[in-house]
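Input: a single structure, listed below in structure tokens.
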Amino acid sequence: MGFGIFIVITALLPFVIGQYYLYVVTQVMIYAIATLGLDVLYGRTGQLSLAHASFFGIGAYVAALSNTFGVPVVLQPVLVLGLAVIVGALVAIPTLRLSGLRLALVTLLFGELFVWLIDHASNLTGGSQGMTVQPLTLGPFDSSEPLDGYALAAIASLLATVMCVQLGKTQYGRRMLAVRDSELASASVGIPIVRTKIAAFILSAILAGAAGWIYAYVVGFVSPTTFDLFGSVNFLVAVILGGSGRVLGAWCGALYIVLVPEVFSSIGYPNLFPIVGGAVMIVVAMTIPRGLVGSLEKLGETLWAVRGRRGRAGG
Amino acid sequence: MPEVEPLSSMGGEGRLELRQIGVSFGGVAAVRDVSLVFRPHVITGLVGPNGAGKTTLLNAISGFASVERGTIELDRSELTKLPAAQRAHYGVVRGFQTVRLLEGETAFDNILVGCERASQPNIFAQLFNLPAQRRSWRRDRGAAAEIAERLGISSVAHRPVAELPFATRRLVELARILVVRPKVLLLDEPAAGLNAHGRRQLTETLQAYHAVSPFTMIVIEHDVDLVRRMCSECVALAQGSVIATGDPGHVLDDPEVRRAYFGDQVHHA
Amino acid sequence: MFSSANAIQVTLGGLATGSLYAVILFGIILVFQVSRSINFAYGPTGMLGTFASYALYSEFGLPVWFAVLIGIGVTVLIAALTDLLIIRRLPPQQGFDVVVTLGELLFLTALAQLVFGASAQSYLKLLTDVPVLSRNIFVNGNDVLAVVLGVAVAIGGYFVLNSTSLGVSLRAAAADPSVAQSVGINVRGLRTAAWAVSGVFVAVGAMMFAARLSVNAFYMTPIVINVFIAGMIGGLDRYWPPMLSAFGIALYQSWAMYLFGEAGGVPALFILVIVILAAVPKRLLDERHEARA
Ligand SMILES: Nc1ncnc2c1ncn2[C@@H]1O[C@H](COP(=O)(O)OP(=O)(O)OP(=O)(O)O)[C@@H](O)[C@H]1O
Ligand SMILES: [Mg+2]
């Protein structure tokens with residue numbers, strides 16, 4: 001039923017809101033896909049990655065450079081997918097030997113390397129100045145048209161959401177939770193720990209890459225500052241704010257990373273966003289470690305239990 | 001209700017044979033030269049004083065401690081070098097001395113994790129909810145509900161395990177193990193921390209389950225009465241070596257075992 | 001072109017950088033060994049102290065030594081507050097120390113950018129304008145000071161951690177907080193003290209680096225990444241391996257940059273880490289494990 005509501009709202013939205021808001025919603029959808037990716041990796045599997053923005057960037061630069069190299073439209077998703085799988089697996093290799101902090105450091109270093117690559121291939125990528133992205137056109141479709149971009153993002157985010165909800169009902173989803181919570185218990189029931197972590201890395205890389213690819217076409221401009229360490233930390237803020245391991249939480253987080261900067265820009269203080277972001281992460285971790293959605297669920301459960309007890313007492 | 005069978009239960013009964021097992025930590029031998037045969041479907045009690053090497057022996061069997069010498073065989077397949085996760089797929093499953101659960105999840109989801117050992121569809125079927133995935137989803141939930149029912153934890157199945165009392169957490173761990181029938185079940189002091197009522201309940205539950213779908217079982221236990229009641233065989237360890245085997249009554253009354261347990265007191269008495 | 005004078009120059013430069021890495025790393029080791037936590041906001045903490053001291057010097061005309069002292073004080077305060085207000089109050093959930101200090105990293109960096117502007121500035125000279133050796137080889141007072149500091153901190157730190165009762169308390173507090181508490185060690189106080197003291201080291205390191213570069217709010221991030229990597233390679237629960245790695249990484253990187261250009265630093269470090277991860281035996285990389293019972 002949730003999906004039905006989602007589809008109806010998505011279909012009606014363009015008739016209700018103006019182009020600017022449609023563009024904002026499009027961005028929320030794009031960021032939701034990427035945040036769902038980090039949620040699979042960090043929220044569900046417990047692997048702290050500081051390279052998520054780099055995977056987002058890989059997708060974005062596939063879009064940006066495709067025009068330069070004349071990659072046909074239909075090949076691009078395959079390219080994004082292939083790169084995400086390969087690079088995701090490569091970055092996951094250290095997990096064979098590392099976890100926790102050391103893993104975070106290696107992924108951080110990978111993120112640095114990605115930004116370095118973009119900066120030093122400046123004749124292709126425009127370096128730190130960034131580059132404009134030619135719109136994606138296919139028949140009547142033109143990604144620079146707000147409605148077309150919206151449709152693309154809506155379909156992709158619906159797919160990603162359905163997939164992540166489904167993941168929660170599968171063996172792979174259970175493996176991820178088990179690996180996050182206790183590697184010993186996981187091994188004792190026969191869960192292949194390394195394979196689970198690598199699968200999580202790859203899945204999160206695919207989601208981030210797909211989101212980045214759409215992002216580049218919709219926004220029409222890419223620069224490495226979107227994909228650096230601070231970008232990755234922002235995704236982490238989104239996951240933690242929304243609530244680790246929860247699909248709805250990832251959407252809330254995406255809403256936050258898109259809307260709050262818009263609000264700050266509109267009141268003339270765009271620089272406030274990262275300050276607030278950092279503070280939000282600290283405050284959320286300290287006060288509601290389950291995130292918004294997790295805490296609401298908890299509240300709902302408590303209220304439900306109280307009502308149930310009253311009901312029984314009264315009847 | 002579906003009774004979920006592990007893939008590997010196709011052949012063999014669960015005969016576990018240890019030949020001259022040795023485990024040591026930094027040069028200190030924790031288990032030395034242990035040779036034992038655990039017959040199929042028999043419940044064996046493993047007793048011995050603190051530090052005797054009981055947990056270490058269990059770790060060696062389940063793959064959580066690497067053995068330096070000797071071999072471990074289950075129904076003619078050698079397990080000695082296999083990692084723990086793979087041994088679980090052969091049907092060798094263990095509980096932990098300190099219960100280990102997915103703390104953030106509900107009891108029911110914890111039990112579902114145990115379905116890892118049942119056959120599952122491939123990742124595409126899983127992610128795209130193909131018929132095979134829908135079948136196994138129904139089967140797993142049915143099996144989890146059934147085992148929760150049998151162990152008497154259905155009423156708390158939807159509560160997060162972090163909120164449950166210790167005795168119930170033990171049962172959740174047990175349910176995670178039993179949701180797919182094991183071939184060899186290893187339990188490390190399952191009754192520790194339970195009161196008399198809890199102990200009786202646990203043994204009865206285990207025995208009832210074992211009577212319906214038998215498997216080889218090794219239980220480490222300090223409670224002598226519990227061992228007498230539940231086990232039909234007994235092995236006593238002291239300082240890493242086997243000092244007695246056989247009928248529980250016989251082993252527990254063995255003078256050497258008593259000496260190992262009570263130390264010098266025997267001499268003073 | 002390659003010459004022995006160049007080789008000596010590059011090596012000395014790497015040595016000075018490595019010394020500063022070691023100074024910064026000591027603070028990280030101290031915090032890790034006492035509280036098993038990592039402060040990802042460590043670099044920006046030092047950066048803020050550095051910027052504060054410069055503001056006091058250039059805007060309010062305070063004497064250099066006084067401005068530097070206050071800058072160190074600011075860093076110590078931020079580090080201590082991080083423990084007092086955040087780390088202490090975290091829910092007992094694994095890995096949240098990393099998450100909140102990442103949040104603090106974002107917060108402090110953005111704050112510095114807002115207050116001090118985004119453009120690069122120069123900092124106090126701190127002896128960089130005092131030539132010590134020059135003919136073919138250029139060494140300035142700052143380099144000498146860096147090496148002296150680095151060696152003093154590395155050796156002095158070793159003695160404090162290993163040969164004093166303070167060191168014993170620190171290790172006891174890390175190994176088993178409840179046992180340490182029961183023998184009368186004030187574990188919480190000790191932790192906060194360690195965090196505070198770590199501020200001194202990162203402030204000194206940050207100021208020394210600021211004197212050599214033109215700095216913006218981000219300048220400490222790559223530096224601290226290098227230091228973290230040294231800690232990771234050596235293992236933060238040991239002492240000499242990470243300390244020597246700090247020198248090793250700096251030397252390696254200055255040679256890489258000399259041979260492959262300024263841009264060679266990042267990929268060279270990446271390659272080094274990959275090779276080390278592949279080559280080092282697993283048991284040396286092992287972190288704490290869940291107890292196997
Ligand atoms: N991981 C380890 N590292 C080093 N020594 C260990 C390790 N595990 C166990 N030992 C040692 O091996 C010996 C046997 O320990 P084990 O835990 O197997 O005893 P146990 O019989 O289970 O005792 P208990 O009844 O207290 O649980 C002990 O001396 C113990 O100190
Ligand atoms: Mg034991």
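The values are calculated or read from the model by the stated rules, or taken from the named source; none is laboratory data. Every value quoted in this text rests on a predicted model; they were computed, and no experiment measured them. Note that we place each Cβ from the backbone using ideal geometry, even for glycine, and neighbour counts take in every protein chain shown. Quick note on the areas: whole protein, heavy atoms, side chains included, nothing else; ligands and nucleic acids left out. Shrake-Rupley method; radii C 1.70, N 1.55, O 1.52, S 1.80 Å.
What to note about this one:
- Using R0 = 25 Å, the C-beta based FRET efficiency linking B:Ser154 and A:Val194 works out to 0.10.
- Contact with the other protein chains removes 30 Å² or more of accessible area, compared with the isolated chain and a 1.4 Å probe, from these residues of region B:63-81: B:Phe64.
- Solvent-accessible area, 1.4 Å probe, carbon plus sulfur percent, for region B:101-181: 57 percent
- Cα-projected label distance for A:Leu147 with C:Ser3, points at 7 Å along beta-carbon direction, nm: 7.2 nm
- Accessible surface buried once C binds A (1.4 Å probe; total of both sides; Å²): 4000 Å²
- Taking every protein chain into account, the accessible area of chain A amounts to 40 square angstrom per residue (probe 1.4 Å).
- Between 0 and 90°, nearest 10: helix B:196-212 axis offset from chain B longest Cα axis: 70 degrees
- Within chain B, helix-based [θ] at 222 nm, where runs of 4 or more DSSP H residues each add -39,500 (n - 2.57), nearest 500: -11000 deg cm²/dmol
- Sequence of A:Val85, C:Val227 from largest to smallest accessible area, 1.4 Å probe: A:Val85, C:Val227
- Taking the Cα centre of region B:101-181 as origin and assigning +1 to Lys and Arg Cβ atoms and -1 to Asp and Glu Cβ atoms, the resulting dipole is close to 340 debye.
- Helix-only [θ]222 nm of chain C, DSSP H runs n ≥ 4, -39500 (n - 2.57) each, per residue, nearest 500: -24500 deg cm²/dmol
- Per-atom-type breakdown for region C:39-98 gives carbon and sulfur 69% of the accessible area (1.4 Å probe, protein chains only).
- Global geometry of the protein assembly as shown, whether rounded, prolate or oblate, following the gyration tensor of its Cα atoms and the 1.5 cut on a/c: oblate
- Each Cα pair under 8 Å and six or more residues apart adds its sequence gap; the mean of these over the residue count of region B:124-181 is a relative contact order of 33 percent.
- Surface analysis of region B:121-269 yields an accessible area of 45 Å² per residue, using protein heavy atoms and a 1.4 Å probe.
- Percent RCO, i.e. relative contact order, over chain A, from Cα pairs under 8 Å lying at least 6 residues apart: 33 percent
- The gain in end-to-end length when the C:Val183 to C:Thr11 segment is fully stretched comes to 57.2 nm, 0.36 nm per residue minus the alpha carbon separation.
- Axial C-alpha extent at least 27 Å, average Kyte-Doolittle at least -1.0 - helices from chain A (DSSP): A:19-38, A:100-120, A:146-167, A:193-219, A:247-266, A:291-314
- Chymotrypsin sites (Phe, Trp or Tyr not before Pro) restricted to region B:49-135 and DSSP loop, no more than 12 other C-beta within 10 Å: B:Phe128
- Approximating the spin labels as points 7 Å out from Cα along Cα→Cβ, the B:Gln20-to-A:Ile86 distance works out to 5.1 nm.
- Inter-chain Cβ neighbour count for B:174-185, averaged per residue, equals 1 (cutoff 10 Å, partner chain atoms only).
- DSSP finds beta bridges in chain B, and of those with both partners inside it, around 55 percent are antiparallel.
- For the chain pair B and A, buried accessible area totals roughly 2400 Å², probe 1.4 Å, rounded to the nearest 100.
- Computed over region C:4-292, relative contact order equals 35 percent, with contacts defined as Cα pairs under 8 Å that lie 6+ residues apart.
- Note on the protein assembly as shown: antiparallel DSSP beta bridges, both residues inside, total approximately 65 percent of the bridges counted.
- Solvent-accessible area, 1.4 Å probe, carbon plus sulfur percent, for region A:198-284: 73 percent
- Cα-projected label distance for A:Leu159 with A:Ile93, points at 7 Å along beta-carbon direction, nm: 2.9 nm
- Positions from region A:221-244 whose accessible area shrinks by 30 Å² or more when the full protein complex is built, not the chain alone, probe 1.4 Å: A:Leu229, A:Phe230, A:Val233
- With a 1.4 Å probe rolled over the protein heavy atoms of all chains, the accessible area of A:Phe15, C:Phe270 falls in the order A:Phe15, C:Phe270, largest first.
- Size descriptors for chain A: radius of gyration and Dmax over Cα atoms are 20.0, 76 Å.
- Packing rank of C:188-199, A:138-149, where each peptide gets the mean count of other beta carbons within 10 Å, highest leading: C:188-199, A:138-149
- Cα gyration tensor shape for region C:4-292, rounded if a/c is under 1.5, else prolate or oblate: oblate
- At least 24 Å along the helix axis (C-alpha) and Kyte average at least 1.0, DSSP helices within chain C: C:4-35, C:64-81, C:96-116, C:141-163, C:187-212
- Overall form of region A:1-158 per C-alpha gyration tensor (a/c, 1.5; a/b vs b/c): oblate
- Dividing the helix sum by the residues of chain A, where each DSSP H run of 4 or more adds -39500 (n - 2.57), gives a mean residue ellipticity at 222 nm of -25000 deg cm²/dmol.
- Remark: region C:1-108 carries 36 Å² of accessible area per residue (probe radius 1.4 Å; ligands, DNA and RNA excluded).
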